[in-house]
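> Before anything else, here's the structure in question.
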Amino acid sequence: MLRDQISEIIETEPVALFMKGTPSFVACGNSQRALSALRAAGAPITAVDILPDPRFRQELSGLSGWPTIPQVFVNGELVGGADIVEELAATGALERKLTDALGDDYRDRQAERVIALSAA
Amino acid sequence: MASVATKPLQELLNEAFPDATELSVVDRTGGGDHFQVTVASPRFEGLSLVDQHRLVYDALAGPLGDGSIHELRIKTKGT
């Protein structure tokens, strides 16, 4: 089920970024802002494109209770959308959160990958 | 600066945050669907940014749900 796919990503990926487009083809300025902030903090990023099917976004927002895209989760916890992630990055709080959640050496695992949801 | 587009949002926020020390809605593009909302309220004290933004989303659930807001930027502050 779609909702199970989404919750599995949220629960198992260290840093999940639900966005419009993918890191190599970002389709929205706010998704770009969140991606840039995570990159600058050295985060390992698992990106999920919510654009291919409107149900992706509906299910995600139903799960998280957060109405807008992007949404960033660290170890299953909603960190916020573009405004919050940018604000946390500017104060250094994002790096502290990543260190607390993923360990001192999280930057060594910096990578970007994309998971595609299946609508079936 | 109130406009046809920002006034309804301003009113919803005034209702939700009657004790706000700062409250503004800016139509970022002039197109009436990209907004920057700034709210400073004692209600935010002790809340995480996620919970602060949730209060703003709750106040604007109507226009967020009916598609009249295409993009919303939020800045919240405790007082």
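> Only one of B:Ser68, B:Ser41, B:Ser3 is of a type in the set (S, T, N, Q), modelled with pLDDT of 95 or more and out of contact with any Gly (no Cβ under 7 Å at 6 or more places or on another chain). Can you tell me which?
From the options B:Ser68, B:Ser41, B:Ser3, the qualifying one is B:Ser41.
> Could you list all residues from the range A:84-96 that are without any contact (Cβ under 8 Å) to a residue 24 or more places away in the chain and either closer than 13 Å to A:Pro44 by Cα or within 11 Å of chain B (Cβ to nearest Cβ) (or both)?
Passing the criteria: A:Ile84, A:Glu87, A:Thr91, A:Ala93.
> Please state which of the following conditions B:Gly67 fails to meet, knowing it meets all the rest: (1) surrounded by 12 or more Cβ atoms within 10 Å (Cβ to Cβ); (2) within 12 Å of chain A (Cβ to nearest Cβ).
For B:Gly67, the exception is condition (1).
Results for (1) in contact with a Pro (Cβ under 8 Å, 6 or more places away or on another chain); (2) without any contact (Cβ under 8 Å) to a residue 24 or more places away in the chain; (3) of a type outside the set (Phe, Trp, Tyr); (4) within 14 Å of chain A (Cβ to nearest Cβ), shown as yes or no for each residue.
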residue	(1), (2), (3), (4)
B:Glu11	no, yes, yes, no
B:Asn14	no, yes, yes, no
B:Asp33	no, no, yes, yes
B:Phe44	no, no, no, yes
B:Val50	no, yes, yes, yes
B:Leu60	no, no, yes, yes
B:Ile74	no, no, yes, yes
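> Pick from B:Val39, B:Val4, B:Val50: which is assigned to a helix (DSSP H, G or I) and either among the aliphatic types (A, V, I, L, M) or surrounded by 12 or more Cβ atoms within 10 Å (Cβ to Cβ) (or both)?
B:Val50
> Continuing with the same structure: Determine if the range B:20-35 includes at least one residue that is under 27 Å from A:Lys97 (Cβ atoms) and either among the hydroxyl-bearing types (Ser, Thr, Tyr) or buried (at least 18 other Cβ atoms within 10 Å of the Cβ) (or both). Let's see the steps before the verdict.
Taking the range B:20-35 first, the residues under 27 Å from A:Lys97 (Cβ atoms) are B:22.
Next cut, either among the hydroxyl-bearing types (Ser, Thr, Tyr) or buried (at least 18 other Cβ atoms within 10 Å of the Cβ) (or both) only: none.
No: zero hits.
The values are calculated or read from the model by the stated rules, or taken from the named source; none is laboratory data. Keep in mind the model is a prediction, meaning the values are calculated, not measured. Glycine gets a Cβ as well: all are built from the backbone with ideal geometry, and neighbour counts include every protein chain shown.
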